[in-house]
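Below: one structure, written as structure tokens.
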Amino acid sequence: MKSVLSVFYKKLYSHFGPQYWWPAESRFEVMIGAILTQNTNWSNVEKAITNLKKNKLLYPDKLHKLSFRELAPLIRSAGYFNIKAKRLKEFIKFLHKFYQGNLKMMSEVQMLKLREQLLSVKGIGPETADSILLYALDKPVFVVDAYTKRVLSRHYLCKEDSGYEDVQNLFMQNLKNEVKLFNEYHALIVKLGKDFCLKNKPKCGICPLKDYKHKIG
């Protein structure tokens, strides 16, 4: 498995090059983006983030003071904006309760403890928590999303109904636990999923990984 995942990474990196993900100007912007991107595409999230920036609100203390009624319309473009506004407010409440809104203090906490804390916040699941840990706080954890499961299951490296942690462990137990590697690998899988490994009508014949098929051992 280790050699297969290494080959996949090299092939994807060679084909696509570096992805420079997560696109953001600050750690806090990454965190907000990770919550807003649930069940929508990134272009919609960018519009919501741009709107928050335009109103000079993309700061922990500013969003903490902002009411739910004031926040919701500002993130309308991200979809499910009432639900996401509640989730953002829950996250901001957590950030101030445990870390006084200080992201540096938050980043100094041990990864597993911090992950457990994030998962206790209403509306934050494993993918969102791990995105915050990896992309905002530079913690070596692999992010699993729908693209990851799709790509791996189509190459017989996992089953379609494999659980989040089962898929995550494939990477974390077989690759060096390095932030830079996990960051780039996940971004490359997302790129592959968007350009080739489509949900419907996948472009298998021209996929960068078309020559690699493996059976689950």
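What follows is calculated from the coordinates using simple rules that are stated; it is not laboratory data. The structure presented is a predicted model; accordingly, all values stated were derived computationally and were not measured. Virtual Cβ from ideal backbone geometry, glycine too; neighbours counted across all protein chains shown.
A few points about this structure:
- Lysines with Cα under 16 Å of Lys54, excluding same-chain neighbours fewer than 8 positions away: Lys62
- The range 129-167-the range 5-77 distance, computed between alpha-carbon centres (Å): 19
- Angle of helix 2-16 to the longest C-alpha principal axis of the chain, folded into 0 to 90 degrees and rounded to 10: 70°.
- Only one item in (1) 26, 20, 17; (2) 32, 19, 15; (3) 42, 24, 17 matches semi-axes √(5λ) of the Cα gyration tensor in Å derived from the coordinates shown, and that item is (2).
- For the residues Leu66, Leu118, Leu157, a GNM of the chain with alpha-carbon springs under 10 Å puts the largest fluctuation on Leu66.
- Computed FRET value (nearest 0.05) for Lys194 with Asn174, which takes r as the C-beta separation and R₀ as 25 Å: 0.55
- Pairs from the table (Lys2/Lys201; Lys2/Lys210; Lys65/Lys104; Lys11/Lys199; Lys113/Lys194) lying more than 25 angstrom apart at Cα are Lys2/Lys201; Lys113/Lys194.
- To the nearest ten degrees, helix 81-99 and the longest principal axis of the Cα atoms of the chain are 80 degrees apart.
- Of the residues Ile83, Ile132, the one with the fewest other Cβ atoms within 10 Å heads the list, and the complete ranking is Ile83, Ile132.
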